[in-house]
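Reviewing the structure listed below.
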Amino acid sequence: MSLCPIGSGAGRLVVSVRGRTVVPMAQTLTLPVPGTLTARLIVLDPRRPAPEGISRGGRVEEIKAGHPALPQPALLARGGAPAEVLDRMGRAERHLLVEASGPAGWPPRHLFEAMTSGGALAHLTGGVLIDPLTARVVAPESIDHAPGGPGAFLPQHYVRVSAATHADGLRMSTTGLSRLGLPEVRTLGLPPYLGQAWARLTNSLAYHLVQDLWADLEETLGLTSREVPDELSVTPDDVAMAESENPLTAYEARVRLWPGNGHLTLVPPRGFAGSESQWRSEAVIMLFPAARI
């Protein structure tokens, strides 16, 4: 695996272009850029009437119990919803669907508008704001997360990294990159002991991919597709920015994106001579030196 300290190159040319790491000779993927993106949130069990005109750039619709936009209670429970919220969802006869649409790129106005309107509606009606795509109760800090610049955008407010146990190990995937204009990212057959560190790597990769998308859309207006390297480096700076922390003294980890079935699957980079499990362990050690595996 090609792993090198930031700035050293370790025998290969590493060039920084608008904050991204570009490695020569990489092959590329063609990714579509959706013309319109839509964000949907739900105010569960509103106990007071919703005021008129609360959503400036979107729409609000009353939906009944059992509506297909509602997440399954089991998914919401796995997303950390407390018993009180699940009980209210099961008892309520109506909810409010908040929807906003907009183009890909910075700022993601459709997300910010849906969060702002949904948060205001939940406060005014006494309801509970949930994100049906990620199957989570929306935290107050997520409602307020609308940074002034793209670099301060934290994907975890809108993108969930979760894992499910299968016979071959964990299957970890993002949920939410699609409403930012990107395919979801997944890893198959992940050993459980790497789960926590790999979730951080995946979240940092999500930050990297979103920043690259926004940089491309800023440079070229009206893009309908993009050519992106199928191999890239997740760096300590990506981790620091994605987690809003100071950068660690660490090394970058090289990953390859394998397209298929609407996802980008993380696999070892070309030229890595070891097994897939060795690559994952090395990537975690290099990117998170304090990790115990």
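The values are calculated or read from the model by the stated rules, or taken from the named source; none is laboratory data. Just so we're clear, the structure is a prediction, and the values are computed from it rather than from any experiment. Backbone-built Cβ (ideal geometry, glycine too); neighbour counts: all protein chains shown. Note: areas computed on protein heavy atoms with side chains; ligands, DNA, RNA excluded. Shrake-Rupley method; radii C 1.70, N 1.55, O 1.52, S 1.80 Å.
In table form, for the structure just shown:
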read-out: Unique match (being open to solvent by less than 30 Å² (accessible area, probe 1.4 Å), under 26 Å from Pro51 (Cα atoms) and in a loop (DSSP other than H, G, I, E, B)) among His95, His67, His110, His145; value: His145
read-out: Selected residue (criterion: modelled with the lowest pLDDT) from residues of the stretch 243-267 that are crowded, with 18+ Cβ neighbours inside 10 Å and over 24 Å from Leu29 (Cα atoms); value: Ala250
read-out: Any pair with Cβ under 7 angstrom, 6 or more apart, that starts in the stretch 111-135 at a residue that is without any contact (Cβ under 8 Å) to a residue 40 or more places away in the chain and ends at one that is part of a loop (DSSP other than H, G, I, E, B) and open to solvent by 10 Å² or more (accessible area, probe 1.4 Å); value: Phe112/Ala146
read-out: Close pairs from the stretch 42-54: first part of a strand (DSSP E or B), partner surrounded by 10 or more Cβ atoms within 10 Å (Cβ to Cβ) and among the hydroxyl-bearing types (Ser, Thr, Tyr), Cβ under 9 Å, at least 6 apart; value: Val43/Thr125
read-out: Test for Leu76: is it in contact with a His (Cβ under 6 Å, 6 or more places away or on another chain), open to solvent by less than 40 Å² (accessible area, probe 1.4 Å) and at pLDDT 95 or above; value: no
read-out: Selection count, the stretch 42-78, where residues are in contact with a Ser or Thr (Cβ under 8 Å, 6 or more places away or on another chain) and within 13 Å of Arg136 (Cβ to Cβ); value: 1
read-out: Search result, residues across the stretch 55-64 that are touching a residue at least 60 places away in the same chain (Cβ under 8 Å) and open to solvent by 70 Å² or more (accessible area, probe 1.4 Å); value: Arg56
read-out: Enumeration of residues in the stretch 186-224 that are farther than 21 Å from Leu266 by Cα and not in a helix (DSSP H, G or I); value: Thr220, Leu221, Gly222, Leu223, Thr224
read-out: Scope the stretch 258-293; condition polar (S, T, N, Q) and on the phi < 0 side of the Ramachandran plot; matching residues; value: Thr265, Ser275, Ser277, Gln278, Ser281
